[in-house]
Amino acid sequence: MPSATDTGLLRASKLQILKRPLLKAMEEYFSAVSKMEQTVMFPSLLRGISLDKLDDPTEADSGSKDLYEYFMQLKSIKGMVEGGLAPLEGRDPSIAVRLREQEDREKADLEGFFYYHVSNLYRILNQLTRRADAVTTKYNEIMCQINRN
């Protein structure tokens with residue numbers, strides 16, 4: 001049976017393995033959104049234009065929003081990540097109750113929930129990065145068409 005020190009070292013090494021890709025995913029997301037913000041000078045040109053299907057079929061809502069909505073969503077998420085989450089007091093009371101119930105369930109297996117949430121965060125950041133890149137690419141295509149006419 002491993003000692004407490006061995007277990008602590010094992011957890012620390014797992015955290016380091018997760019930390020690098022997660023930080024890289026966050027850097028790539030911020031970079032993609034910053035590039036999108038710098039490129040898209042006229043966001044209104046994105047209205048009514050759908051985002052072409054991405055390579056990932058798990059993105060179920062890809063066809064329900066236009067590029068303008070994605071543009072605003074990506075900027076909003078970036079601001080939320082940079083500024084932190086809003087306090088629970090201002091939210092719907094049912095959300096606060098559900099979050100507290102979830103916290104109680106997670107106390108039973110903190111390490112398992114940690115890895116679950118970190119892996120989902122990594123996956124979501126990668127999806128958002130692809131969306132920001134797609135909005136930037138599509139905007140550049142629109143601008144090329146306008147310049148040709």
- Given R₀ = 22 Å, FRET efficiency for GLU141-GLU27 by Cβ-Cβ distance, to 0.05? 0.25
- Note on the structure: To the nearest 20 debye, segment 22-148 has a Cα-centred charge dipole, built from +1 on Lys and Arg Cβ and -1 on Asp and Glu Cβ, of 420 debye
- Full-extension gain in nm, LEU45 to GLU103, via 0.36 nm per residue minus C-alpha separation: 16.6 nm
- In whole Å, largest first, the alpha carbons of segment 22-148 cover along the principal axes 61, 29, 25
- Item | Taking segment 22-148 and dividing mean pair separation by its residue count, relative contact order in percent (alpha carbons under 8 Å, at least six apart) | 45 percent
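Every number in this text was worked out from the coordinates using simple rules, so none of it is lab data. Source: prediction; values computed, not measured. Heads up, the Cβs are rebuilt from the backbone with ideal geometry, glycines too, and the neighbour counts pull from every protein chain shown.
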